[in-house]
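What follows draws every value from the coordinates through simple rules; no lab data is involved. Computed from a predicted model, the values in this text were never measured in an experiment. So basically every Cβ, Gly included, is an ideal-geometry build from the backbone, and we count neighbours across all protein chains shown.
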């Protein structure tokens with residue numbers, strides 16, 4: 001199903017429809033402030049496994065990030081953030097960044113893994129952050145493309161995305177043309193922030 005939602009004039013009824021699909025364990029494709037992404041309810045194990053299968057992986061091997069609605073969500077999923085780190089996050093978010101932080105025990109439990117870090121996103125896109133807010137908890141997310149893939153038009157054109165993924169996911173949101181640039185990944189787990197991938201987000205560390 002393809003639904004068009006205007007990010008500048010969001011139809012609350014359509015937004016709730018998307019939330020209802022996610023609550024039922026559906027896989028959602030949605031716009032962000034970088035490329036289009038897909039995701040599911042972080043607390044639905046069946047949906048998480050389905051999302052991993054779509055990437056050709058077992059859940060414990062998947063490297064999903066989580067999308068939060070704002071920084072107040074983080075305490076359940078990441079360990080204590082020191083003041084310098086918080087200042088960087090607070091300045092950069094919402095924005096096209098994935099921040100890798102040290103995870104709480106909640107993350108290994110949810111993803112059936114022993115990994116000790118998690119990628120956090122708060123995109124500057126009201127469609128997806130409002131969906132997360134209405135859902136009441138984060139969405140587990142991954143990009144449509146693999147990191148080694150060249151970003152091509154079919155990753156940014158909602159109709160092309162629909163043609164490719166309509167039979168694979170439950171709900172596709174057309175929020176306008178996406179960008180051909182991925183988010184910038186910054187790793188904080190070593191004590192010093194390090195840019196792992198330079199994407200669309202510009203940041204001074």
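The figures follow:
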{"read-out": "Average Cα contact separation per residue, the chain, under 8 Å, 6 or more apart, as relative contact order %", "value": "32 percent"}
{"read-out": "Relative exposure of 28, 180, 15, judged by other C-beta atoms within 10 Å (fewest first)", "value": "180, 15, 28"}
{"read-out": "Sorted by Cβ neighbour density within 10 Å, fewest at the top, the residues 41, 124", "value": "124, 41"}
{"read-out": "Extension gain from residue 8 to residue 204, taking 0.36 nm per residue of separation minus the Cα-Cα distance", "value": "67.6 nm"}
{"read-out": "Share, in percent, of DSSP beta bridges within segment 41-135 that are antiparallel, nearest 5", "value": "60 percent"}
{"read-out": "Cα-based shape type of segment 1-131, given that a ≥ b ≥ c are square roots of the gyration tensor eigenvalues and the cut on a/c is 1.5", "value": "oblate"}
{"read-out": "Fraction of beta bridges assigned by DSSP in the chain that are antiparallel (%, nearest 5)", "value": "60 percent"}
{"read-out": "Residue-averaged [θ]222 nm for the chain, counting only DSSP H segments that reach four residues, each worth -39500 (n - 2.57)", "value": "-8000 deg cm²/dmol"}
{"read-out": "Rounded Å value of the spacing that divides the Cα centres of segment 153-205 and segment 5-24", "value": "20 Å"}
{"read-out": "C-alpha long axis of helix 12-23 to longest principal axis of the chain, angle in °", "value": "70 degrees"}
{"read-out": "Per-residue Cβ neighbour rank within 10 angstrom, fewest leading, 59, 51", "value": "59, 51"}
